[in-house]
Amino acid sequence: MRPLFEQFQHLARLRRQRDEWRHGALQTLAVGADHLVFARCSGRAATVVALNRGPAVQVALPLQHLPLGP
C-alpha cells in the first residue's frame, strides 16, 4: 500500500485529468443511514462515488438519469 501522501498526489493527478472532477455537476444518487452515492457529471463523462460506513447494502442506482450526452 502506498503512503498516504503518495495517495493524495495520485488523486491530485487524476483530478487534473478528469473534467467532471473539476467542473462537473454533483448529483446525489442514493442516501441511507450509513451510505451515500453521488456522481460528478460533465458532458459525456461521469464518475460515481459510493461511500459506506456500515454493513454491506444493495442499492439501486438511477444511472439513466445522469446528464450524459450521446
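Every number here is computed from the coordinates shown, using simple stated rules; none is lab data. Values in this document were obtained by computation on a predicted structure and should not be read as measured data. Cβ coordinates were reconstructed from backbone atoms using ideal geometry, including for glycine residues, and neighbour counts include every protein chain displayed.
A few notes on this one:
- Result for the chain in a Gaussian network model with C-alpha springs under 10 Å: among V48, V59, V37, the largest mean-square fluctuation is at V59.
- Taking other residues whose beta carbon is less than 12 angstrom from the beta carbon of A45, and scoring Lys, Arg as +1 and Asp, Glu as -1, yields +2.
- Computed FRET value (nearest 0.05) for L61 with F8, which takes r as the C-beta separation and R₀ as 35 Å: 0.80
- Basic side chains Lys and Arg get +1 at the Cβ, acidic Asp and Glu get -1 at the Cβ, and with that the dipole of the chain about its Cα centre reaches some 280 debye.
- Between R15 and R53, the simple label model (points 7 Å from Cα in the Cβ direction) yields a spacing of 2.1 nm.
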